[in-house]
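Take a look at the structure set out below.
The values are calculated or read from the model by the stated rules, or taken from the named source; none is laboratory data. Model, not experiment: these values are computed from the prediction. Note that we place each Cβ from the backbone using ideal geometry, even for glycine, and neighbour counts take in every protein chain shown.
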Amino acid sequence: MRAGRKTYLLLMLAAFIFSCRTAVALFSDDDVARAKKINANADVQQLSDGQKLYNEKCGSCHYLHQPADFNSQKWDTILPGMKNDAKLNDEEYQRIKIYILTMCDAPPPGKGTKKKER
């Protein structure tokens with residue numbers, strides 16, 4: 001195989017693998033502060049774990065809404081029903097809930113406080 005073709009195939013494989021990965025958010029100090037209002041023990045690791053669990057457990061069954069798609073009141077009505085459907089234990093459920101409720105009220109980058117009507 002020619003070197004040029006081999007390089008091209010490796011680049012295409014890398015691009016495919018990169019495109020299949022799950023996006024991971026970087027959490028700010030403001031995100032952690034909002035999470036602590038939900039659970040005083042919340043930290044960056046819990047937010048990260050919650051995001052990963054949300055992507056894996058919830059995304060394996062249906063389309064994933066972004067946390068900002070709904071306000072916290074709407075998520076509070078959605079999440080309890082999903083706990084049993086996704087077969088989440090209490091710790092997994094709490095991490096997902098903290099992640100969702102923290103990020104649903106996050107202001108868009110460069111913006112002030114977000115207000116949603118949904």
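Structure above, values below:
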read-out	value
Filter result for Gln66 (at pLDDT 95 or above and not aromatic (Phe, Trp, Tyr))	no
The range 33-47, residues that are without any contact (Cβ under 8 Å) to a residue 40 or more places away in the chain and in a helix (DSSP H, G or I)	Ala33, Lys36, Lys37, Val44, Gln45
Subset of the range 40-81 [closer than 13 Å to Met103 by Cβ and loosely packed, with under 10 Cβ neighbours inside 10 Å]	Gln66
Enumeration of residues in the range 57-75 that are touching a residue at least 24 places away in the same chain (Cβ under 8 Å) and either in contact with a strand residue (DSSP E or B) (Cβ under 7 Å, 6 or more places away or on another chain) or not in a loop (DSSP other than H, G, I, E, B) (or both)	Lys57, Cys58, Pro67, Ala68, Asp69, Ser72, Lys74, Trp75
